[in-house]
Amino acid sequence: MSKNTVKSRKIRKMFRLLDKRYGDLKWWPARSRFEVIVGAILTQNTAWKNVEKAISELRKEKLLVLENMNNAKSSVICRAVRSSGYYRQKTEKLRNVCSFLLAECGKDLRRGKSMDADILREKLLALKGIGPETADSIMLYAFEKPFFVVDAYTTRIFARHGLIEKKASYYDVQKMVHLALGRDVSAFNQFHAGLVEAGKCFCSKKGGKCGECPLNALGVLDSSL
């Protein structure tokens, strides 16, 4: 049996264990496609609780509508997203993505669902400050395109379970999940959400609460990574 086959089986078992433990986690938590996109940008380099505060402020200012944010003053957006950190840079990214979305989709973001996935992703990646994780969060959760989102929780859990080297590239990890689960939007959504939840609760940087983790059934791991 090849190494890829063994790893794919392990990933599928991970998926089943997390799905059994958590069920549908309703991720990404947002009321609209545009709110997903805003959240994907604001969550860069910060905890989700800080993003929630910023989202709440944007909602108060009625800026969680594409046209409204596009027309808003930068100072108003800055003030609303301050809690997310790097607020000036994030304001610039939000303004850039608004211009991009209006050019590509007009006012109806549902049009993104019918666009060529690879072309749309490349265009997103060409925007200043949009890296693979942010682009794939937008692709998967806003436009329902089959790109698995690799984050710090994913790489930490995979490394501790011997699936990857600690410094494996984003695309190596993503390719591994695509191979194991197929290009399945629903599975990618559920698996990513489960890994985030398990990571937050049981798999911190300082070490793992392995005995309590739903992935403990996978066997021995290296919690020092």
Name the shape class, rounded, prolate or oblate, that the alpha-carbon gyration tensor gives for the chain, where a ≥ b ≥ c are the square roots of its eigenvalues, rounded holds for a/c under 1.5, and otherwise prolate holds if a/b is larger than b/c and oblate otherwise.
prolate
Cross-link table Lys20/Lys206; Lys13/Lys123; Lys107/Lys167; Lys53/Lys128; Lys7/Lys145; Lys10/Lys128, entries beyond 29 Å C-alpha to C-alpha:
Lys13/Lys123; Lys107/Lys167; Lys10/Lys128
Fluctuation leader among Asp184, Asp116, Asp24 - the chain, Gaussian network, Cα springs under 10 angstrom:
Asp116
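So what's the back-of-envelope 222 nm ellipticity for the chain, counting only DSSP H runs of four-plus at -39500 (n - 2.57) apiece and dividing by all residues, rounded to 500? Could the numbers behind the result be given before it?
On the way: 11 runs with 130 residues, N = 225.
Dividing the helical sum by the residues of the chain leaves -18000 deg cm²/dmol.
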Against the longest principal axis of the chain, how steep is helix 170-181, in degrees 0 to 90 to the nearest 10, with axes from Cα atoms?
70 degrees
With a point put 7 Å past each Cα toward its Cβ, work out how far Lys73 is from Arg110 in nm, to one decimal.
3.6 nm
Find out how many positive minus negative residues lie around Val65, taking Lys and Arg as positive, Asp and Glu as negative, among other residues whose Cβ is under 12 Å from that of Val65.
+2
Under a GNM of the chain (C-alpha, springs under 10 Å), which listed residue has the highest mean-square fluctuation: Ala47, Ala193, Ala135?
Ala47
Using +1 at the C-beta of Lys and Arg and -1 at the C-beta of Asp and Glu, which of Ala117, Leu102, His161 has the Cα lying farthest in the positive direction of the dipole of the stretch 95-222?
Leu102
May I ask you to order 81-92, 1-12 by the average number of other C-beta atoms within 10 Å around their residues, highest value first?
81-92, 1-12
Need one word for the stretch 33-142: rounded, prolate or oblate. Basis is the Cα gyration tensor (sqrt eigenvalues a ≥ b ≥ c); a/c below 1.5 gives rounded, then a/b vs b/c decides.
prolate
If each part is reduced to its alpha-carbon centroid, the stretch 1-53 and the stretch 89-162 end up apart, in Å, by 14 Å
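What does the charge count near Ala103 come to, summing +1 for each Lys or Arg and -1 for each Asp or Glu among other residues with Cβ under 14 Å from its Cβ? Before the final figure, lay out each step's value.
Values: positive: Arg95, Lys107, Arg111, Lys123; negative: Glu67, Glu104, Asp108.
Counting the neighbours of Ala103, the net charge comes to +1.
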Which one, Ile55, Ile157, Ile119, has the greatest fluctuation when you compute a Gaussian network model over the chain with C-alpha springs under 10 angstrom?
Ile119
Please name which of Pro146, Ala126, Gln44 has its Cα lying farthest along the dipole of the chain towards the positive end, using unit charges on Cβ (Lys, Arg +1; Asp, Glu -1) and the Cα centre as origin.
Gln44
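Only the coordinates and a few stated rules stand behind these numbers; no lab work does. These numbers come from a predicted model, not from an experiment. Cβ atoms come from the backbone with ideal geometry, glycine included; neighbour counts cover every protein chain shown.
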